[in-house]
Amino acid sequence: MNKSKKEKMSARKGFRREILTEKRFKILFIVPTLAILLFLIGYPFATLIWSGFFRFSLLRPGAPKFMGFGNYQFILTDSFTWERFIFTAKFVSLAVAIQFFLGMGIAYLLQGKFKGRGLVLTLIMMPMMMCPIVV
C-alpha cells in the first residue's frame, strides 16, 4: 500500500508539471498585467469615443443630447482645427529634427578622447540614471 501511495504522489507531481509548463507559467504572470493595461487604456478610450456622440457640458448640468456624428463632422470640417493640427505637426517635426541632430552631434563629440571626458559624461548621464521624480 505504501508503494501505491508513493506512485500516486509522483503521478500527481508529474501531472502538475505537465499542466504548469514554463510557457504557461509565464503566461500566468502576463495575463493579469495585460488585463489591467487593457482596462486602464481601453475603458477611457471607449468612454471618449462614446461621449463624442453626445452634446453635454460639465458647466451646464442636464441630460446629454445625442448628436450622432455631428461632433466628429464639426471637428473634421473646422478650418481652425486643421490650422492648429498643421501648426502642431510642423512644431513637432522641427523639434524632433533639432533634438536628433543636436544629440547626434554631441554623441559624436563625446566619442573622442579629451581631458575631463569622464566628468562630462557623468554630468550628462546623471539625470538619465536618476529617478524621474527626483529630477
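The values are calculated or read from the model by the stated rules, or taken from the named source; none is laboratory data. Values in this document were obtained by computation on a predicted structure and should not be read as measured data. All accessible areas refer to the heavy atoms of the entire protein, side chains included, with ligands and DNA or RNA removed. Shrake-Rupley method; radii C 1.70, N 1.55, O 1.52, S 1.80 Å.
Take the residues in the stretch 91-105 that are open to solvent by 80 Å² or more (accessible area, probe 1.4 Å) and hydrophobic (A, V, I, L, M, F, W, C); name whichever of them is farthest from LEU123 (Cα to Cα). In this case the residue turns out to be PHE91.
Kindly indicate the residue of the stretch 107-134 that is open to solvent by 100 Å² or more (accessible area, probe 1.4 Å) and not hydrophobic (A, V, I, L, M, F, W, C) and also modelled with the lowest pLDDT among those meeting that condition. Restricting to residues being open to solvent by 100 Å² or more (accessible area, probe 1.4 Å) and not hydrophobic (A, V, I, L, M, F, W, C), the top hit is PRO132. In the set (1) more than 30 Å from ILE124 (Cα to Cα); (2) under 27 Å from the mean Cα position of the chain (by Cα), ARG55 fails one condition alone, (2).
Tallying residues that are open to solvent by 100 Å² or more (accessible area, probe 1.4 Å), of a type outside the set (Phe, Trp, Tyr) and over 27 Å from LEU76 (Cα atoms) within the stretch 37-54 yields 2.
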